[in-house]
Amino acid sequence: MPALLLIDDDKGLTQLLSEYLIGQGFTVRIAENGRLGLRAMFERHPDLILLDVTMPEKDGWETLQRIREVSDQPVIMLTARGDESDILKGFSQGADDYVTKPFSFAQLTARIRAVLARSAQGGAPGEGTLSAGGLKVDLSLKRVWRDGEILSLTPTEFKLLVALMRREKEVVSPEDLVREVWGAQYANETGHVRRYIWHLRQKVELDPENPRYIHNERGYGYRFETSDSSSAR
């Protein structure tokens with residue numbers, strides 16, 4: 001039974017939402033601010049965190065930053081602010097998804113299941129590694145190294161990188177990447193790909209403005225290729 005941590009100071013919402021999620025087969029722990037949420041995260045090690053942006057004591061941004069300093073647990077941001085700049089800020093700090101209030105509980109539940117599925121995938125024990133041009137991915141450990149230096153990727157970033165590396169030298173369309181990485185329910189949200197490609201480059205490329213690994217094919221999609229690459233599974 002997946003364990004969720006809901007960090008939000010809206011007591012009316014958290015009560016109704018937690019009851020709904022319990023009915024959907026989850027266990028739910030509620031924390032009313034970022035400070036208590038961080039304490040609960042360390043104590044309970046939830047499978048996924050639902051994190052509100054606007055809260056007292058520690059807001060969602062500060063809380064997310066602290067979470068990412070110590071954990072790669074999936075995080076879905078909950079906020080009444082749907083501006084592009086806020087969405088990009090959430091992704092840049094390591095959020096795995098972003099849901100704007102008001103939202104339907106069914107919609108949020110679908111997003112939770114999709115993020116949990118992405119977190120669980122990306123490689124099974126014994127699957128081996130992918131490597132190309134100094135970049136190495138261990139599929140069972142879900143770890144990435146560049147020239148021996150470990151890189152910190154979120155579960156979604158990891159799965160996106162694996163999807164591209166497994167189709168090395170192929171141009172992969174945003175639609176195909178959305179289906180493979182996010183799931184069919186995100187079919188109309190190809191903007192996720194553009195945002196995540198940008199943030200993935202910030203982590204894996206030495207010079208994101210002149211990428212060595214992840215290339216744009218304008219109007220078609222994205223391609224993983226290096227001049228000295230050789231990948232193996």
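The values are calculated or read from the model by the stated rules, or taken from the named source; none is laboratory data. Everything quoted here is computed from the prediction, not taken from an experiment. No Cβ is skipped: glycine too gets one built from the backbone with ideal geometry, and neighbour counts run over all protein chains shown.
The table for this structure:
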quantity: Residue list for the stretch 1-37, filter: among the aliphatic types (A, V, I, L, M) and either touching a Phe, Trp or Tyr at 6+ places or on another chain (Cβ under 8 Å) or surrounded by fewer than 20 Cβ atoms within 10 Å (Cβ to Cβ) (or both); calculated: Met1, Ala3, Leu4, Leu13, Leu16, Leu17, Leu21, Ile22, Val28, Ile30, Leu36
quantity: Failed item in (1) among the β-branched types (Val, Ile, Thr); (2) under 15 Å from the mean Cα position of the chain (by Cα); (3) not assigned by TED's automatic domain parsing to the domain that holds Gln93, with Val171 passing the rest; calculated: (2)
quantity: First in the stretch 173-198 and hydroxyl-bearing (Ser, Thr, Tyr), second anywhere and outside any helix (DSSP H, G or I), Cβ under 8 Å, 6 or more apart; calculated: Ser173/Tyr220; Ser173/Gly221
quantity: Candidates Phe91, Phe42, Phe103 - the one that is assigned to a helix (DSSP H, G or I), aromatic (Phe, Trp, Tyr) and either over 15 Å from the mean Cα position of the chain (by Cα) or farther than 21 Å from Trp198 by Cβ (or both); calculated: Phe42
quantity: Pairs, first in contact (Cβ under 8 Å) with a residue 12 or more places away in the chain and closer than 16 Å to Glu157 by Cβ in the stretch 56-74, second of a type outside the set (Gly, Ala, Ser) and part of a loop (DSSP other than H, G, I, E, B), C-beta under 6 Å, six or more apart; calculated: Leu64/Gln93; Pro74/Asp96
quantity: Positions within the stretch 43-72 being surrounded by fewer than 21 Cβ atoms within 10 Å (Cβ to Cβ) and within 15 Å of Thr27 (Cβ to Cβ), in sequence order; calculated: Glu43, Arg44, His45, Asp47
quantity: Scope the stretch 212-223; condition assigned to a loop (DSSP other than H, G, I, E, B) and under 21 Å from the mean Cα position of the chain (by Cα); matching residues; calculated: Tyr213
